[in-house]
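No lab work stands behind these numbers, since they all come straight from the coordinates. These numbers come from a predicted model, not from an experiment. Glycine also receives a Cβ, built like all others from the backbone with ideal geometry; neighbour counts cover every protein chain displayed.
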């Protein structure tokens with residue numbers, strides 16, 4: 001869980017990483033939190049299958065993204081997440097991808113994590129005030145019974 005404490009204008013981030021988390025996980029969460037907004041483009045069911053987990057028998061999910069716009073013709077959604085929401089999404093993906101005890105669909109979570117993390121890694125923290133929102137496009141044909149390779153292409 002991401003805990004943000006503001007004291008005297010300083011933001012301190014503490015992440016609860018799984019034992020199998022990549023060593024860069026905490027840094028990724030910290031970088032993500034400094035960004036005003038992220039734009040994700042993916043299949044609607046890919047989003048619905050990766051935006052939550054069952055962390056230590058609890059339930060975490062990305063509630064109320066900054067925006068979520070559906071394109072019914074393509075079944076794609078564009079999701080805008082605040083930096084704090086992206087840090088939470090990274091935690092959810094990390095938990096599901098890297099050995100959480102109640103992980104949901106590890107292969108799918110791993111594929112999405114592997115698409116999102118390189119984009120976050122490239123962020124200069126803090127970003128310039130006029131920096132465009134990082135955009136991540138994830139394409140996959142997702143069915144309820146199978147997962148596929150996911151690719152990312154920042155715009």
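Maximal additional length on extending the residue 101-residue 20 stretch stands at 28.0 nm, based on 0.36 nm per residue less the C-alpha distance. Full extension of the chain segment joining residue 68 with residue 131 gains 20.5 nm, where the gain is 0.36 nm per residue of separation less the Cα-Cα distance. Here the spin labels are modelled as points 7 Å beyond Cα on the Cα-Cβ line, and at residue 34 and residue 54 they lie 3.7 nm apart.
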